[in-house]
Amino acid sequence: MTNGGRMILLLVLWTFLWAPTALAQEGGGVPAAPAPGTPDPGGHLARAREAFRAGRLAEAVEASRRAVEAAPASVPALLASGGMAEFMGEFDEAQAAYAAAGAADPKNLDVVYRSASLAVRVGEYDRALGLLDRLVNAHSWWARTLFRHAPTSVQVGLFKSYPALEQFASSGPPWIAWTVGLLPATLQQGVLRAYPLLAHIVQLDIDILMEKGDLDAARTLAWGYAVVEAGRSYCNEGRQRSGDWGRERIFSTFRLAALAQPAEADCIWWYGQWLTDEGFMRLGRLMIMEGTRVTPSAGNKASGENYLRVRHSGGLEINKRAEQLALIARQRFARDGDTPGAVRLLQEAIKLEPGFPRPYAHLAQIAWAGGDRDGAIDWLLQGVQADPDSWRVRRTLARALVIRGRVPEAETHARKAIELFGDDVGGRLLFALILYVQGKYAEYAQHTEFALRFGKQFRQELPDVQSFYDNFKRAGPGRSLPPAPDPRILIGWNYD
Amino acid sequence: MLGELDEAMDAYYEAARREPSALAYYRVGALAARMGATDGGVQWLGASVGMERGWRERLAEPGARWARAARTRLAGSWLAPVTPVLVFRLLGGLEGRLAAAWFDREIAARALFALHVEAGQRDAALDLARRRGWVEPGADYCRPGHPRGPATAALLAMLLDPARADCLLETGTAWTLRGLARLGRAALLDRAQRSTDPGVRQRAATFLRARLPAHEVVKLAETLNLIGDNLADTWRHPAEAIAAYRRAIAGDPRFSWPYRNIGLVYERQKDAAQAMEWFRKAAAVNPDHWRARLSLGAAHYERREWREALAHFGAAVALAPDDAGSHADLGRTLLRLGREPEGVRELSIAVRIDPNLRSAREWLDARFGRDPRGGPTPFSSR
């Protein structure tokens, strides 16, 4: 019998003798998508999905609640309701729905995943990690064994780790191709590619560990699962990025730099500033602290400490739930146009963390957009009381007061904003305008010159400002007021 | 391939005459069906189904079936990730070699069944199904993994168990996307009228209106349109593709797909004027042709004719409210016109339907910050 014939015989024997038994043992798998034909009494779930996609969120929430009323023990209905509630920032309602779903079907992996998601949102990190571990345990024994214990080369696939192998498989001598063919797909392509949920869990674990402050464990995971690759300088890639890089790519590159290059303080700092701008205050704070700790430069250390003071309430560890409520509220207002919902979440955030200035700033923005300018100013004043060193609140308050004609009050806050962060061209120009209005021309000139010089340094052209200032120098003060544009600042200083 | 169907038919006929076999008869029958010659298709496909198996086929068939079943079961089982890749290759190779010596009559039978259904020959279709042992009283034909395959199973459900035939929605959609307008229309029309689920009826009706012609397309025109698609997309022969599309139009002037497809060929050749003209023709023939509306909208957008683009993208969204791309196109156009709140709403809907729409998502994120609701951590939030 030829070698090929023997192989086929073995294959035949294996298939007939072993396969039927083996195949009968269907192993545990990843969380399944909802089966087609899931019961939906009253069609509330379908309505909820349709309303959600069309952006009619209040209707989607209501429909998902009705789905639960129609079928209180239905896991799909409970997950839909809980998911909608979580999406809207109604965490207590989400918690109740997930708990009910867990009681109805304790082994349902979708429930486990959702519960883990909510646990992260409310700061229960260890519980979240435990739930994610349960998802790993739900995989077949060799998948989780490989995932937990195999070397990195197996996690990412032997073909990726050893490119020559793949070449041999496709175009090498037949005996090498056959030998490589003995490898199962999992080893060839990698555990993470064979089981995408595991790859997702790795990334979540990394973020959770970073947010817990355990950067070493996060970095170990990142290296172990080849989230970061040896020989790459993510920091340089981020610094030298081309103009066509999207925000997503910049964000991911800085994240990888923070994981892979512990000595690159600048990039860790930039990641922290990016997160701060986006509103992920807890992780942003930790990254700023880490970058400040690692930098060898005394000047940069001072900058880092100042950033913590003026953008992170002096290094306050914001309550996680408050952070998420503020984040979600901002989106509910800005993207969904849901003012009452946003206001409610922000007020809840303030109750949880009264010293957190952002909810006040967002409430001010909402009031201003609704035409209540004095109401907006009141919120900003409360924000200043909550955190007197919040540079952004001071700045926004100064601008609002100027618009309302309350210029002397505006001067106090504009001056304070400059003291807190001097490299703010827009803030300087606003302050200059305030000084001009009050006839304080020498100071007006001083701050205008600073803004123009600083702007030139960073190629921010301010032609109107320059032109007005040149006229002022020639002919003295006139009846019109100096322009006060507000150009974009560096990463980390742009948003509340 | 070139659409010279008569010539192809002559060649297949001659081959079947010289060396009769089930496969040769199947080829003649399948081509006759594609040309709209229903009676010829029935005759030849029937002959293929009924042809006696020779000794080679009697030996090869069980082996090929076993190899295919083993490979399919193995690939779908929990053993798949740890089975050497070589095993799959060997099974595939074995199946291939044995299948070359045998023609599965089931293929011909399924083609004949579809032909009967498409031609409205319900009794003949049911008779065939009974003879083949496909009829399972009380069974759910729409169950996943039906042994007859999703297409045949869906048609069986339509004929035998219309109350449980909602898998026709998915199958009809798939047929439509493959260019099989007649079958697609039959399936979606059935569900729009006979499904017991109001949601399915509505989805079928929406899809019918936006994605399928309002009339029963002439079979030959459908086939020539598909040939044109192959020539244009796979083989990159634009002149031949246009010729095939023109013949499709001649066969059925009310069939709007070939008009638009000609426009796409010109678009690929950077002839914007001709492309626009053909897109207009497609929309004139069928104002509810969703893709024609999108193409027109895109053509106007390229020319910075925002208002015209808005009209067409708006129509596209009305026709296909579940399509993320249409919402994104409409959103971008509204932003161009300075109508930001509406533009934001459309872009938000687009990314809610499809979070992978990168440019829409990035615009919104740049404007409002990342939306943290997509996931609990900065990495997972979109």
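The values are calculated or read from the model by the stated rules, or taken from the named source; none is laboratory data. The structure presented is a predicted model; accordingly, all values stated were derived computationally and were not measured. Methodologically, a virtual Cβ is constructed for each residue, glycine included, from the backbone with ideal geometry; neighbour enumeration extends over all protein chains shown. Heavy atoms of the whole protein, side chains included, go into the accessibility calculation; ligands, DNA and RNA do not. Shrake-Rupley method; radii C 1.70, N 1.55, O 1.52, S 1.80 Å.
Listed here are the residues, each with its yes/no results for (1) closer than 18 Å to B:R352 by Cα; (2) more than 22 Å from the chain's Cα centre (by Cα); (3) among the charged types (D, E, K, R).
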| residue | (1), (2), (3) |
| --- | --- |
| B:A298 | no, yes, no |
| B:R303 | no, yes, yes |
| B:E308 | no, yes, yes |
| B:A311 | no, yes, no |
| B:A315 | no, yes, no |
| B:L319 | no, no, no |
| B:D322 | yes, no, yes |
| B:H327 | yes, yes, no |
| B:G331 | yes, yes, no |
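If I filter the stretch B:196-203 for residues that are within 21 Å of the chain's Cα centre (by Cα) and away from chain A (no Cβ under 14 Å), do I get at least one hit?
The answer is no; no qualifying residue exists.
Take residues that are open to solvent by 30 Å² or more (accessible area, probe 1.4 Å), at negative phi and more than 11 Å from chain B (Cβ to nearest Cβ) and tell me which of the helices (runs of 4 or more DSSP H) falling wholly in the stretch A:167-283 contain 2 or more.
A:174-181, A:196-212, A:215-224, A:234-239, A:265-278
How many residues does the stretch B:340-377 hold that are surrounded by 21 or more Cβ atoms within 10 Å (Cβ to Cβ), within 11 Å of chain A (Cβ to nearest Cβ), at pLDDT 85 or above and under 14 Å from A:R247 (Cα atoms)?
Within the stretch B:340-377, residues that are surrounded by 21 or more Cβ atoms within 10 Å (Cβ to Cβ), within 11 Å of chain A (Cβ to nearest Cβ), at pLDDT 85 or above and under 14 Å from A:R247 (Cα atoms) number 4.
Please count how many residues of the stretch A:110-126 are of a type in the set (G, A, S), more than 10 Å from chain B (Cβ to nearest Cβ) and part of a helix (DSSP H, G or I).
Total satisfying the criteria: 1.
Quickly run through the stretch B:123-140 and pick out the residues that are away from chain A (no Cβ under 14 Å) and not in a helix (DSSP H, G or I).
B:R132, B:G133, B:W134, B:V135, B:E136, B:P137, B:G138, B:A139
Can you pull out every residue in the stretch A:419-466 that is within 17 Å of A:V384 (Cβ to Cβ) and touching a Gly at 6+ places or on another chain (Cβ under 6 Å)?
none
Considering only residues of the stretch B:76-95 that are over 20 Å from A:A169 (Cα atoms) and free of Cβ contacts under 8 Å to residues at least 24 places away in the same chain, which is farthest from the other protein chains (Cβ to nearest Cβ)?
At the first step, the residues of the stretch B:76-95 found to be over 20 Å from A:A169 (Cα atoms) are B:76-79, B:95.
Retained after the next criterion (residues that are free of Cβ contacts under 8 Å to residues at least 24 places away in the same chain): B:76-79.
Values: B:G76: 9, B:S77: 5, B:W78: 4, B:L79: 6 Å.
So the residue we want is B:G76.
May I ask you to list the residues in the stretch A:142-153 that are touching a residue at least 12 places away in the same chain (Cβ under 8 Å), in a helix (DSSP H, G or I) and more than 12 Å from chain B (Cβ to nearest Cβ)?
Result: A:R148, A:T152.
What's the total number of residues in the stretch A:262-310 that are within 20 Å of the chain's Cα centre (by Cα) and of a type outside the set (A, V, I, L, M)?
Counting residues in the stretch A:262-310 that are within 20 Å of the chain's Cα centre (by Cα) and of a type outside the set (A, V, I, L, M) gives 19.
So in the stretch B:118-128, with the set limited to residues that are of a type in the set (A, V, I, L, M, F, W, C) and open to solvent by 20 Å² or more (accessible area, probe 1.4 Å), which one is farthest from B:G41 (Cα to Cα)?
Among those that are of a type in the set (A, V, I, L, M, F, W, C) and open to solvent by 20 Å² or more (accessible area, probe 1.4 Å), it is B:A124.
Check A:L215, A:L183, A:L221 and return the single one that is touching a residue at least 12 places away in the same chain (Cβ under 8 Å), under 23 Å from A:S170 (Cβ atoms) and not aromatic (F, W, Y).
Answer to the selection: A:L183.
Quick grid of which residues meet (1) open to solvent by 40 Å² or more (accessible area, probe 1.4 Å); (2) of a type outside the set (A, V, I, L, M, F, W, C); (3) without any contact (Cβ under 8 Å) to a residue 24 or more places away in the chain:
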{"residue": "B:V218", "(1), (2), (3)": "yes, no, no"}
{"residue": "B:A221", "(1), (2), (3)": "no, no, no"}
{"residue": "B:I242", "(1), (2), (3)": "no, no, yes"}
{"residue": "B:Y245", "(1), (2), (3)": "no, yes, yes"}
{"residue": "B:Y259", "(1), (2), (3)": "no, yes, no"}
{"residue": "B:R268", "(1), (2), (3)": "yes, yes, no"}
{"residue": "B:A272", "(1), (2), (3)": "yes, no, no"}
{"residue": "B:A275", "(1), (2), (3)": "no, no, no"}
{"residue": "B:A284", "(1), (2), (3)": "yes, no, yes"}
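If B:L337 meets every condition in (1) within 25 Å of the chain's Cα centre (by Cα); (2) open to solvent by 30 Å² or more (accessible area, probe 1.4 Å); (3) in contact (Cβ under 8 Å) with a residue 24 or more places away in the chain apart from one, which number is that one?
For B:L337, the failing item is (1).
Among the residues of the stretch A:127-141 satisfying the criterion of being in contact (Cβ under 8 Å) with a residue 60 or more places away in the chain and either more than 25 Å from A:Q189 (Cβ to Cβ) or in a loop (DSSP other than H, G, I, E, B) (or both), which is nearest to the other protein chains (Cβ to nearest Cβ)?
Checking each candidate, the answer is A:S140.
Find the residue count for the stretch B:141-160, including only residues that are over 16 Å from B:L115 (Cβ atoms) and more than 14 Å from chain A (Cβ to nearest Cβ). Outline the logic, then answer.
Start the filter on the stretch B:141-160 by keeping residues that are over 16 Å from B:L115 (Cβ atoms), which leaves B:141-147, B:150, B:153, B:157, B:160.
Those still in the list that are more than 14 Å from chain A (Cβ to nearest Cβ) too: B:147, B:160.
Residues in the stretch B:141-160 being over 16 Å from B:L115 (Cβ atoms) and more than 14 Å from chain A (Cβ to nearest Cβ): 2 in total.
Looking for something under 27 Å from A:G315 (Cα atoms), open to solvent by 30 Å² or more (accessible area, probe 1.4 Å) and of a type in the set (D, E, K, R) - is there at least one such residue anywhere in the stretch A:356-371?
no
Regarding A:Q382, is this residue polar (S, T, N, Q), open to solvent by 10 Å² or more (accessible area, probe 1.4 Å), under 28 Å from A:V120 (Cα atoms) and in a helix (DSSP H, G or I)?
No: the conditions fail for A:Q382.
Please determine whether any residue of the stretch B:286-302 is crowded, with 24+ Cβ neighbours inside 10 Å and either facing chain A (nearest Cβ under 10 Å) or under 26 Å from A:Y113 (Cβ atoms) (or both).
No, that holds for no residue.
Which is farther than 30 Å from A:Y271 by Cα and surrounded by fewer than 21 Cβ atoms within 10 Å (Cβ to Cβ), of A:L401, A:L481, A:L433?
On the way: A:L401 fails: surrounded by fewer than 21 Cβ atoms within 10 Å (Cβ to Cβ); A:L433 fails: surrounded by fewer than 21 Cβ atoms within 10 Å (Cβ to Cβ).
Being farther than 30 Å from A:Y271 by Cα and surrounded by fewer than 21 Cβ atoms within 10 Å (Cβ to Cβ) holds for just one of A:L401, A:L481, A:L433, which is A:L481.
Among the helices (runs of 4 or more DSSP H) lying completely within the stretch B:45-122, list those that include at least 2 residues that are on the phi < 0 side of the Ramachandran plot and over 26 Å from the mean Cα position of the chain (by Cα).
By residue number, B:55-75, B:85-99.
Can you name the helices (runs of 4 or more DSSP H) wholly within the stretch B:318-382 that have at least 1 residues being over 30 Å from A:M281 (Cβ atoms)?
Those helices (runs of 4 or more DSSP H) span B:324-336, B:340-353.
Which of the residues that make up the stretch A:304-344 are open to solvent by less than 10 Å² (accessible area, probe 1.4 Å), more than 14 Å from chain B (Cβ to nearest Cβ) and in contact with a Leu (Cβ under 8 Å, 6 or more places away or on another chain)?
Of everything in the stretch A:304-344, just one residue is open to solvent by less than 10 Å² (accessible area, probe 1.4 Å), more than 14 Å from chain B (Cβ to nearest Cβ) and in contact with a Leu (Cβ under 8 Å, 6 or more places away or on another chain), namely A:V310.
Would the stretch A:339-357 turn up any residue that is of a type in the set (D, E) and assigned to a helix (DSSP H, G or I)?
Filtering the stretch A:339-357 down to residues of a type in the set (D, E) leaves A:348, A:353.
Right, trim to assigned to a helix (DSSP H, G or I) and you get A:348.
Looking through the stretch A:339-357, at least one residue is of a type in the set (D, E) and assigned to a helix (DSSP H, G or I).
How many of the residues in the stretch A:96-114 are closer than 21 Å to A:L345 by Cβ and free of Cβ contacts under 8 Å to residues at least 24 places away in the same chain?
2
Testing B:V28 on (1) in a helix (DSSP H, G or I); (2) out of contact with any helix residue (DSSP H, G or I) (no Cβ under 7 Å at 6 or more places or on another chain), one condition comes back false. Which one is that?
With respect to (1) in a helix (DSSP H, G or I); (2) out of contact with any helix residue (DSSP H, G or I) (no Cβ under 7 Å at 6 or more places or on another chain), B:V28 is out only on (2).
Could you tell me which of the residues A:F87, A:F91, A:F52 is within 14 Å of chain B (Cβ to nearest Cβ), modelled with pLDDT under 90 and within 24 Å of A:V122 (Cα to Cα)?
Values: A:F87 fails: modelled with pLDDT under 90; A:F91 fails: modelled with pLDDT under 90.
From the options A:F87, A:F91, A:F52, the qualifying one is A:F52.
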